[in-house]
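Remarks on the structure that follows.
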Amino acid sequence: MEKITLTNNLALQHDDVQVKKSACFFCHQNCGVLAYVKDGKVVDIEGDPDHFTNRGGLCSRGIIALKNLDHPARINHPLHRVGERGEGKWEQIPWHQALDEIAEKLVKIRDKFGPEAVATAGGTQRTDDWARRRFMNLFGSPNSFHNAHLCWIPTFMVETAIYGWCPFDMDLGNSRCLVLWGHNPGASYMPVMRGISDLKDNGLKVIVIDPRFTETAAKADLWLPLRPGSDAALALAWLNVIIWEGLYDQQFIENCCVGFDELAQHVQGFTPEWAAPLTWLDEDLIRQGAHMYANNKPGNIQWGVAVDQIGTPAGAAMHARALLRAVTGNLDAPGSDLLTGPSPDFITDEEMEANEWLTNEQKAKQLGSDKYKLTTWPGYGRIAELTREVWGKAPTAEWMCEAHPPTVFNAILSGEPYPVKALITLATNPVNSYGDSQRVLEALRAVDFLVSMEYWKTPSAMLADYILPAAGWLERPTITSTYGCSDFVIASQRAIQPMYERHTDYQFWRGLALRLGQEEMWPWENLEEAFYYRIYPLGYDISGYDEFVEQYRFHFPEREYYKYARLGFATPSRRVELYSSTLEELGYSPMPEYVGPAENEIDHPEVAEEYPLVLTTGGGFMPYYHSEHFQIKELRFLRHEPQVQINSATAAELEIEEGDWVWIETRRGRIKQKANLTQAVHPKVVVTQRGWWYPEREAKEPGLGGCLESNTNVLTSIEDEHCDPIGGSWANRGLLCKVYKVNGTMEEVN
Amino acid sequence: MARYVIVLDTRRCIGCHSCTVACKINKDLPVDMIYNPVTIVGPSGVFPNLHMTHIPLLCMQCDNPPCVDCCPTGASQQRDDGIVWVDEDKCVGCKACVMSCPYGARVPNPAKGIVQKCDFCMDRVELGEEPFCVKTCHQRARIFGDLENPTSEVYKLVNSEHVLRLLPELGTEPHAFYIMD
């Protein structure tokens, strides 16, 4: 591809070069990108200096966009499997044929097993999931999923149960204290990290709660290196300190909350002294953290993914953490975490999903909804009812109300509670991204019909019956609205039409829908038409979606603090429920109980004897994202092999040296990563890197791109006992493991 | 005359390597050629009492550049605005500059048989733009500008913050200034 180094000024001088306002989706920050387009080709990109998120910056992932766009390994045409599953033999077929055949197969499965026998999995911020949900609702299946149960969604739903919306919108500019709980923006949220650095210069105090001395912890005022998975104990102890030392916001509690006396009694025993041996933190440090948060008001607790991933104790931990905002009055006040509610004007994702078309009978069949009620139809249905009463709208059902993925994989394998025969995956690589990879792999091998819409021949796609070429972010418009739950909208346009035979997922679902009698429900021929329909009620003087992007791009409603004074909180009592009637109604504890880490030395001493170390399977690290980008050599050179962090003293005991390949083993299996000896973790803690597979290897069975060899999800657990009963999180962190050197014998090589 | 310098704020650098990758993409460099690596110092200390800093490196754009002095062909040159660059047509790849540079900023390109280096993206600078690594840095840990201009941010930083230069004892007069935490 022709390389032209352009600048804003230069581009404007060339009238044959168009500047398109695109957005990167290589993570969900959606940084603004200016794409310079000449003759229908993107010739250069740069961070958009006028985009408020990234202000011209762009991380290494965004920077390599053109290497990604036309990478030789990209999927460019529909592929149909011709050999055995996983044999790596494909024929190129036309789109219409692929859609015809897929539609025919889905109808056959629906006729024989019911629509619920078709399940779909989506990736992160790569797709328009309202379209997927729309299709599935009209088709009749409740079984869509993402890694939702591991990523924000349980937090969102617990918080919404307690105070009527998730306060993800932080008013950081006016804040005095920021708690980063299991969150490392220094390696995952570049624009956020910049904002934090700016505000630190103005005196913002930053508390980092993380087992690892991260890029962010290194800049913090206070670092609490807790034992992985012990978050519930720490949050309960903070509640104890804040309530019993009288640091709570009496006025807010009196005027806005119910259940304070019950909560105060409930947490009385959860003292820092009680929590210290559970969290491995000194009681004074626990107290110091609680004081810093409660005494530096207003303050924020930013969402971090870690608590969503600790399995068994996840619900209790996020529940206790959510109550910290309430007792300190850090809700919807200037500088605190804001309850913005959904956009009243913009047509939200939920309103595009056609949820009313799915019958109650089918909703009741959603896999996992009998156990993990808050994040499936029983809890979502109740919460949607309450938020509609107060906000007039409901949270997005994609994400917030999904089939429980491990339950789906188990249903594929066992046929229980009913058979699942088809799985359609879009921009996701389940073998590397879901818990217990060996089980997932078995399920993908076993499922009758597997369709994968993808950018790459991922290990999961290698097993598909059809691989369909997906358009990337330069080839599609993007709307950013925090998964359809924010009151603001950021709009970005496509820089170019999809290259080769790539399509958006919207075109895929619409193509199937037209073949299955859903024509009337899909009036929008492309995403721009659908997006124009969605933004039209905002009332801008525009005649199309691209015009909105070019002229306005952002829609931020005027900020209104204390919305609850006008509307009340979207809970049954219209107050913040420190004693949650919604959770109680669903059969859960109305106040957070202490639940220990999924596997731990106190409750499971017999496991700890064989597996003496504590595993956390790692958050984001540059330059990768989930299991993505390993084939981009301009990134891979930075980290070409997987690394596991282990304390140098522990390594010395195990005779492990820097750079040694080591096995990390749990009760589920073992993987190989290279030892990185460090003081950044407690002597008993081990941190693996996520996502790893080896695209340079053969894209077929038996190795499937080395997808199990260094894949941290071989170690994670989806067993019932390790899943959080409230939100369905399975256990990625806080597990017991052992580490030993790879000895290089033939037995091991084989 | 302008005197271009870079200020590297290690209080803000998080070691994301975006500058490293951006440079590679902008200059279209082979994978094994790196003009501006970021090194991690630490974590030092014993858990949990730790310290960690990221030090971004690049050509120091010295006032007294040994690489220019030692170049036998005149390929290595210094402009009036301080930018040290290589005229690739004159370079014969003798690597004298690689030996002479105390900062490891000279990078051989075996495919081309020459030695290359960071030139502060002088093509961009001439168009009034910042070097690409500066432009891409989310954290504003890299600040570029004209030290001769008293209204510039770099002038203010160099004259108000405690700034360090690497290996000042060598008399190279580097023009990359580090703000340490």
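The values are calculated or read from the model by the stated rules, or taken from the named source; none is laboratory data. Keep in mind the model is a prediction, meaning the values are calculated, not measured. Note: ideal-geometry Cβ built from the backbone for every residue, glycine included; neighbour counts use all protein chains shown.
From the list A:Glu599, A:Glu593, the lone residue that is surrounded by fewer than 19 Cβ atoms within 10 Å (Cβ to Cβ), part of a loop (DSSP other than H, G, I, E, B) and not assigned by TED's automatic domain parsing to the domain that holds A:Glu709 is A:Glu593.
Where helices (runs of 4 or more DSSP H) fall wholly inside region A:221-294, the ranges with 1 or more residues that are under 28 Å from the mean Cα position of the chain (by Cα) are A:231-244, A:272-279. Under the condition of being under 16 Å from A:Pro430 (Cα atoms) and polar (S, T, N, Q), which residue from region A:393-412 is surrounded by the fewest Cβ atoms within 10 Å (Cβ to Cβ)? Applying the filter and picking the extreme gives A:Asn410.
Looking at this structure, is B:Asp63 surrounded by fewer than 18 Cβ atoms within 10 Å (Cβ to Cβ), in contact (Cβ under 8 Å) with a residue 40 or more places away in the chain and away from every other protein chain (no Cβ under 14 Å)? Yes, satisfied.
To keep it simple, each residue is scored yes or no on (1) more than 30 Å from A:Ser414 (Cα to Cα); (2) assigned to a loop (DSSP other than H, G, I, E, B).
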{"position": "A:Phe52", "(1), (2)": "yes, yes"}
{"position": "A:Leu58", "(1), (2)": "yes, yes"}
{"position": "A:Leu66", "(1), (2)": "yes, no"}
{"position": "A:His71", "(1), (2)": "yes, yes"}
{"position": "A:Arg85", "(1), (2)": "no, yes"}
{"position": "A:Ala103", "(1), (2)": "no, no"}
{"position": "A:Asp111", "(1), (2)": "no, no"}
{"position": "A:Phe135", "(1), (2)": "no, no"}
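Just one of the numbered conditions (1) outside any loop (DSSP other than H, G, I, E, B); (2) buried (at least 19 other Cβ atoms within 10 Å of the Cβ); (3) not aromatic (Phe, Trp, Tyr) is not true of A:Glu721: (2). The residues in region A:316-372 that are under 17 Å from A:Ala161 (Cα atoms), among the hydrophobic types (A, V, I, L, M, F, W, C) and assigned to a helix (DSSP H, G or I) can be counted, and the count is 9. For region A:30-77, residues that are within 17 Å of A:Glu475 (Cβ to Cβ), of a type in the set (Val, Ile, Thr) and either in the same structural domain as A:Val19 (by TED's automatic domain parsing) or surrounded by fewer than 24 Cβ atoms within 10 Å (Cβ to Cβ) (or both) total 6. Looking at A:Gly40, A:Gly86, just one residue is of a type outside the set (A, V, I, L, M) and either under 29 Å from the mean Cα position of the chain (by Cα) or within 14 Å of chain B (Cβ to nearest Cβ) (or both), and that residue is A:Gly86. Within region A:521-533, is even one residue touching a Gly at 6+ places or on another chain (Cβ under 6 Å), in contact (Cβ under 8 Å) with a residue 40 or more places away in the chain and not aliphatic (A, V, I, L, M)? Scanning region A:521-533, I find no residue that is touching a Gly at 6+ places or on another chain (Cβ under 6 Å), in contact (Cβ under 8 Å) with a residue 40 or more places away in the chain and not aliphatic (A, V, I, L, M), so the answer is no. The number of residues in region B:81-104 that are surrounded by fewer than 15 Cβ atoms within 10 Å (Cβ to Cβ) and closer than 17 Å to B:Asp123 by Cβ comes to 3.
Looking across A:Ala354, A:Ala397, one residue alone is of a type in the set (A, V, I, L, M), assigned by TED's automatic domain parsing to the domain that holds A:Asp487 and on the phi > 0 side of the Ramachandran plot. It is A:Ala354. Output the residue which, of all residues in region B:123-133 that are surrounded by 16 or more Cβ atoms within 10 Å (Cβ to Cβ) and not β-branched (Val, Ile, Thr), is farthest from the other protein chains (Cβ to nearest Cβ). Applying the filter and picking the extreme gives B:Pro131.
This table checks each residue for (1) under 15 Å from the mean Cα position of the chain (by Cα); (2) more than 10 Å from every other protein chain (Cβ to nearest Cβ); (3) at pLDDT 95 or above.
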site	(1), (2), (3)
B:Asp89	no, yes, yes
B:Val92	no, yes, yes
B:Ala96	no, yes, yes
B:Ser100	no, yes, yes
B:Pro108	no, yes, yes
B:Ile114	no, yes, yes
B:Lys135	yes, no, yes
B:Ile143	yes, yes, yes
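Going by the structure shown, is A:Ser230 within 30 Å of B:Arg140 (Cβ to Cβ), of a type in the set (Gly, Ala, Ser) and buried (at least 19 other Cβ atoms within 10 Å of the Cβ)? Against the criterion (within 30 Å of B:Arg140 (Cβ to Cβ), of a type in the set (Gly, Ala, Ser) and buried (at least 19 other Cβ atoms within 10 Å of the Cβ)), A:Ser230 does not qualify.
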